Amino acid sequence: MKHVLVWLSVLYLLTGCGFKDIDKRYLVMAIGVDKSEIKEKPYHVSLKLAIPTSQIQPGQSNTFHLISDDASTMTEAVRHLKSKVDKELDFSQTKMIVFGKKLGEERLDKVTIDWFLRRPEIQGIAFMALGYPSAEQVLNVRPKSERLPADSLIMSFDQEGTESSYIVTEFLFDFHRRLSEKGLDPYLPIIRPLKDTYLIDQVAIFDKEKIKAILNPEETRIFNELSKKIRNFDIETKTDKAQFALNVTSFGYSYDFDERNDSAPKLTMNVRIRGISEESKQSFYHSQWNRYKEEAETETAKRYLHVLRKLQSLKVDPIGFGLRYRATHYHGDKDWEKWKDIYPRLDWNIKVNIDLIGSGGVK
């Protein structure tokens, strides 16, 4: 009986200590981190807080409260931001983390994202992106079609809404892995705020600390094809002999290293594409499709070669050729040192095979 009374006393003391009702919480839907103008407080942290509503309607229930603060650390910023609201900050619904472009150009490494990895409520599958010109401006956009705060950004990246070949998706766990993995460099999609929507059609390529280059929209689309092996994109062929667009329904590739000639190492990539002609200035009905197919294969190989050589010239490897090289060789650090010597000299042999399965029209 004495033991029972002791446990009841403990339970009485614990009641109500660690739990707060939903109406006493602010749900943090997205976090933005910019470079501050204050030297002693380098981080300008913004939180997008959802305001609860009884009905969910596009453009009407996406009410939010954006609060910001400058601090020397993320921990300090969040602690001080709590003094600006009347409810507890709840990070369990945070699925969007946006860093400002200036911060990415200066330093974005494991130290910068350490707080996000240690915070137990923030999941490793949270999306990451760069905000241009700033993360705060991105979070302050209120799209008319949005049902919940930050919902339009989340739908853009998880492909439950739009599916665009220009939108590159990156997760917190994968970005953290790429910061330390040999042979696999980080990247982040760039979000640009418009009047009442977003434009996401570029990607920033990093070394292990900061931005090395920003790819233009066409290069971003090609990078997305190579890094994610996406489908449902288009390839446009413009030559003197043919001008048409190919809607790709199936895409894949494989590659092998050839080190037999040590002075000229080679990577041979075999690309397999299957698709339908979606738009054309020529009639395909009575034409020899092989001629158009060959033109498209030549132009497509040039597209991939351009992006691969650009990444090579930047001395970054976000696609992971170096990781594959390490995985298929068995001498540890010696193989990594050899790859660092090989990659700048690597010659690319791109072979594209396109299966044109239809003209896309009705005779």
Item to check | Sole residue being of a type in the set (D, E, K, R), out of contact with any Leu (no Cβ under 8 Å at 6 or more places or on another chain) and closer than 22 Å to residue 261 by Cα, chosen from 302, 338 | outcome: 338
Checklist entry - Got a sec? Which strands (runs of 3 or more DSSP E) wholly within the stretch 158-249 have at least 3 residues that are within 20 Å of residue 96 (Cα to Cα) and without any contact (Cβ under 8 Å) to a residue 40 or more places away in the chain? => result 198-206
Checklist entry - Conditions: (1) at pLDDT below 85; (2) in contact with a Leu (Cβ under 7 Å, 6 or more places away or on another chain); (3) surrounded by fewer than 18 Cβ atoms within 10 Å (Cβ to Cβ). Residue 235 meets all but one. Number of the miss? => result (3)
Checklist entry - Hey, does the stretch 103-112 have a residue that's modelled with pLDDT of 95 or more and touching a helix residue (DSSP H, G or I) at 6+ places or on another chain (Cβ under 7 Å)? => result no
Checklist entry - Where residues in the stretch 166-193 are more than 30 Å from residue 333 (Cβ to Cβ) and within 12 Å of the chain's Cα centre (by Cα), which of them is most open to solvent (accessible area, probe 1.4 Å)? => result 166
Next on the checklist: Just to be sure I understand the filter: pairs with C-beta atoms under 6 Å, separated by 6 or more residues or on different chains, first member in the stretch 122-144 and under 20 Å from residue 167 (Cβ atoms), second member among the basic types (Lys, Arg) and part of a loop (DSSP other than H, G, I, E, B). Which pairs pass?
Outcome noted: 126/95
Item to check | Residues of the stretch 149-165 satisfying the condition of being polar (S, T, N, Q) and open to solvent by 20 Å² or more (accessible area, probe 1.4 Å) | outcome: 152, 156, 159, 162, 164
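Condition check ((1) modelled with pLDDT of 90 or more; (2) open to solvent by 50 Å² or more (accessible area, probe 1.4 Å); (3) within 29 Å of residue 214 (Cβ to Cβ); (4) not charged (D, E, K, R)) across all residues:
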residue	(1), (2), (3), (4)
259	no, yes, no, no
272	yes, yes, no, no
308	yes, no, yes, yes
328	yes, yes, no, yes
337	yes, yes, no, no
362	no, yes, no, yes
Checklist entry - Which members of the stretch 63-105 meet the condition of being assigned to a helix (DSSP H, G or I) and either surrounded by 17 or more Cβ atoms within 10 Å (Cβ to Cβ) or in contact with a Phe, Trp or Tyr (Cβ under 9 Å, 6 or more places away or on another chain) (or both)? => result 74, 75, 76, 77, 78, 81, 101, 102, 103, 104
Next on the checklist: Kindly evaluate residue 228 against the criterion of being open to solvent by 70 Å² or more (accessible area, probe 1.4 Å) and within 13 Å of the chain's Cα centre (by Cα).
Outcome noted: yes
Checklist entry - When you scan the stretch 289-326, how many residues do you find that are more than 22 Å from residue 205 (Cβ to Cβ) and of a type outside the set (Phe, Trp, Tyr)? => result 9
Next on the checklist: Testing residue 94 on (1) over 20 Å from residue 25 (Cα atoms); (2) touching a strand residue (DSSP E or B) at 6+ places or on another chain (Cβ under 7 Å), one condition comes back false. Which one is that?
Outcome noted: (1)
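The values are calculated or read from the model by the stated rules, or taken from the named source; none is laboratory data. Here the structure is a predicted model, which is why all the values come from computation and not from measurement. Please note: Cβ atoms are built from the backbone with ideal geometry, for glycine as well, and neighbour counts cover all protein chains shown. Surface areas here come from the heavy atoms of the whole protein model, side chains and all, with no ligands, DNA or RNA. Shrake-Rupley method; radii C 1.70, N 1.55, O 1.52, S 1.80 Å.
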